[in-house]
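Everything below concerns the one structure shown next.
The values are calculated or read from the model by the stated rules, or taken from the named source; none is laboratory data. In this text, all values refer to a predicted model and were calculated from it rather than measured experimentally. All Cβ positions, even for glycine, are placed from backbone atoms using ideal geometry, and neighbour counts span all protein chains on display. Just so you know, the surface numbers come from the protein's heavy atoms only, side chains and all, with ligands and any DNA or RNA stripped out. Shrake-Rupley method; radii C 1.70, N 1.55, O 1.52, S 1.80 Å.
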Amino acid sequence: GVFRALRKVFESFYNDNAFLERLRHRVDESQVGMAVLVNHTFVDASELANGVATLRVNGPSNAFATIVSQPGAFSVTNPEDAGLPEVVEAYIFSAGSTFVTQRQSSDRLPLGSSVLEMPNEYTFLSSLLVEVAEDFGQFHGETSFDIEFEWKKVVGEGLEIKQVRRIPGVTAGETQPVLIDEPSIGLCTFQGEYADILANYRLKTRWQTTFASGPVGDSSLYSDASHTYVLGSEVRQLTGAPASWPQATHATYQPDTPGVLGFRHSWQVGEGAARRTMKLSTEVPTAIGPNNLPIVFPSDLGLLLDAEYSSAVPYRDFDGVVRTRSEEQVRLVVCPDGEPLTAKHLLQERSAAQEGLSVDIGFYWPPVPTGAVAGYTAPLNRWAGTTISGIGAEAVELTGYFSQTYRPEHHNFSEGFVFDPHLEEGIDAAILAAWDAADIQALVLPPGFDEGAAPFLVLTRSGELRER
């Protein structure tokens, strides 16, 4: 039994939470080790209270204690039901005075109660902590340090200090970031103020990723990067890890932004004139938040998806001139439609008609950001649906992610759309036949269409962009 207990305590030093806590404080893993303190057993029935305390000693003049407690033997460090402990703060001054205040009550006690007698027992416990700290400082020759205690109040014995240990300070400068996966996170093409409407359409994609949790190194960040994507008039799927994809390569690079690490996967899809070389660039910040924590989640990553085309593809420039290019890039973000629709989401409705063709569009913007916001441009959150009449005898009803594409202009002063029924799941074959007979792969509504300043465009079955 004793040997089992020793092993259990020893291995707790290496669990995930312990590792992340050291990482959070940038403690150098190569400079740490584990020791086990063995003392006599405290029987649960004899415990009146227990807890942990931290003491910050700021020279010989004063100290600050945080005392976290629970009544009886209820665990503070490993609560079985995530119960809230009591938190008391104590300021201890060299003149012998102590100021005590309760910051949080234990949910094991009636409101207004305290684990120990307030303030006398907290003052006495604080004096015990300071007494240990004085010997600790003398032994190490230090006057400023942080130490941590475990303590108990036991029947017939009173308050006892069970153990003391140093709280290590920052020992490492630059720390390798650690990526923590978020289960089943979905990534989508960002349909906001980035790229252009045709790039968003051609590089429309939806990912279901599993990131490799752990220190970020030279290896792939992805255990699984299965995704669906658009190729021609089809929605296709690629599964598994990037290393298993056709013509796969992986490399690191240094982004222009300081404090960021870059990782790039490359692969190929399609054949002949439809062949594309795809590149997924993942930019990992080395520090996050006000404390420069080296712990990173998928939502902290910068994700860019590039395509190099074997045959140039058309686009419309700022002057409305149709040109071609061989490369495009879009951003990937956490899919916004993964969160529930709320009353704060903003429903948008657009209608337009040109030369016997009418389009009615419904979509949502996300809730308006709070706080100081300058130059905000709302991206697409999700679709409500689109109805297109005037191509063939039957109106087209679109509801899918791939069949509808959006791109706002600056401050949402204007916007563009692409609608492709060939990418709508379960659509009537007669509708597609009518569009194919008219040589229309997709209908393009460029910025300015709603004011009559720009004509409706069509993307033909052969990939040309022209006025309808």
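Could you run the Debye sum over the Cα atoms of the stretch 35-171, one equal point scatterer each and no solvent, and tell me log10 of I(q)/I(0) at q = 0.10, 0.12 Å⁻¹, two decimals?
Reported log10 I(q)/I(0), two decimals: -0.33, -0.47.
Mean 1/r over all different Cα pairs, inverted: what Kirkwood radius does the stretch 171-265 give, in Å?
Working: mean 1/r = 0.0648 Å⁻¹.
Hydrodynamic radius (Kirkwood, Cα only) of the stretch 171-265 equals 15.4 Å.
Order 301-309, 258-266, 441-449, 333-341 from most to least packed using the mean count of other Cβ atoms within 10 Å.
441-449, 301-309, 258-266, 333-341
I want to make sure I understand the PRE zone here: with the label point 7 angstrom from the Cα of Asp450 toward its beta carbon, which residues in the stretch 183-199 have backbone N atoms less than 19 Å away?
In the stretch 183-199, the label zone of Asp450 (backbone N under 19 Å from the point 7 Å along Cα→Cβ) covers 191-194, 196-198.
Using the alpha carbon gyration tensor of the chain, what are the three equivalent-ellipsoid semi-axes (square root of 5 times each eigenvalue), largest first, in whole Å? Don't skip to the answer; put the middle values down first.
On the way: eigenvalues 765, 123, 81 Å².
Calculated on Cα positions only, the semi-axes equal 62, 25, 20 Å.
Select from Gly186, Phe417, Leu55 the residue farthest towards the positive end of the dipole of the chain; place +1 on Cβ of Lys and Arg, -1 on Cβ of Asp and Glu, and compute about the Cα centre.
Leu55
What percent do you get for the relative contact order of the chain when only Cα pairs under 8 Å and 6+ apart count?
For the chain, the relative contact order is 10 percent.
Straight-line reach only, C-alpha to C-alpha below 29 angstrom: list the lysines that Lys344 could link to, leaving out same-chain residues fewer than 8 apart.
Once the sequence-local lysines are set aside, what remains near Lys344 is Lys204.
Beyond 19 Å, what share of the Cα-Cα pairs of the stretch 96-232 remains, rounded to the nearest whole percent?
Summing the P(r) tail past 19 Å for the stretch 96-232 gives 74 percent.
Hey, what's the chain come to in accessible area per residue, 1.4 Å probe, Å²? Before the final figure, lay out each step's value.
Details: 24150 Å² over 468 residues.
The answer is 52 Å² per residue.
Which value results for Rg/Rh of the stretch 344-460 when Rg is the Cα radius of gyration and Rh the Kirkwood radius based on the inverse mean 1/r?
Numbers: Rg = 15.1 Å, Rh = 15.0 Å.
My calculation of the ratio gives 1.00.
Leaving ligands, DNA and RNA out of it, report the carbon-plus-sulfur percent of the accessible area of the chain at a 1.4 Å probe.
Details: 12490 of 24150 Å².
The value for the chain is 52 percent carbon and sulfur by accessible area.
May I ask you to derive the FRET efficiency for Phe13 and Asp256 from their Cβ-Cβ distance with R0 = 45 Å, giving the value to the nearest 0.05?
Working: r = 40 Å, r/R0 = 0.89.
FRET efficiency, Phe13 to Asp256: 0.65.
Considering the options Ala433, Phe211, Asn39, tell which one lies farthest towards the positive end of the dipole of the chain, charges being +1 on Lys and Arg and -1 on Asp and Glu at the Cβ, about the Cα centre.
Checked the options; the winner is Asn39.
Identify all lysines with a Cα-Cα distance to Lys152 below 22 Å; exclude those on the same chain that are fewer than 8 residues away in sequence.
Excluding near neighbours in sequence, the set is Lys8, Lys162.
Nearest 0.05, what FRET efficiency do Ala438 and Ala241 give at R0 = 60 Å with Cβ-Cβ as r? Display every interim value, and only then the final one.
Numbers: r = 42 Å, r/R0 = 0.70.
FRET efficiency, Ala438 to Ala241: 0.90.
For the stretch 362-428 and the stretch 220-248, write down the distance between their C-alpha centroids in whole Å.
25 Å
Relative contact order for the stretch 76-193: what is it in percent, counting Cα pairs under 8 Å that are at least 6 residues apart? Show your work: numbers first, answer last.
Working: 102 pairs, mean separation 16.0, N = 118.
RCO, the stretch 76-193: 14 percent.
Return the inverse of the average 1/r over all pairs of distinct C-alpha atoms in the stretch 99-173, which is the Kirkwood hydrodynamic radius, in Å to one decimal. Spell out each step's value before the answer.
Values: mean 1/r = 0.0683 Å⁻¹.
For the stretch 99-173, inverting the mean 1/r across all distinct Cα pairs yields 14.6 Å.
Go from 0 up to the bin containing the longest alpha carbon distance in the stretch 261-321, width 5 Å each, and give me the % of pairs per bin.
So the P(r) values, bin by bin, are 4, 14, 17, 14, 12, 13, 11, 7, 6, 2, 0.
Relative to 2.2 N^0.38 Å, what does the C-alpha radius of gyration of the stretch 254-356 come to as a ratio? Two decimals please.
Values: Rg = 19.3 Å, N = 103, 2.2 N^0.38 = 12.8 Å.
The value comes to 1.51.
How are the Cα pair distances of the stretch 334-404 distributed, in percent, across 5 Å bins from 0?
Going from the shortest bin to the longest, the percentages are 3, 14, 21, 20, 16, 11, 8, 5, 2, 1.
Just subtract the alpha-carbon distance of Gln138 and Arg461 from 0.36 nm times their residue separation and send over the number in nm, one decimal. If you can, show how the numbers build up before the last one.
On the way: separation 323, 0.36 × 323 = 116.28 nm, distance 8.33 nm.
Contour length minus the Cα-Cα distance gives 108.0 nm.
Using only the alpha-carbon atoms, what does the stretch 1-46 span along each of its principal axes? Please give whole angstrom values in decreasing order.
39, 21, 16
On a C-alpha basis, how far is the centre of the stretch 98-173 from the centre of the stretch 37-51 in Å? Whole number, if you could?
Taking the Cα centre of the stretch 37-51 as reference, the centre of the stretch 98-173 is 16 Å away.
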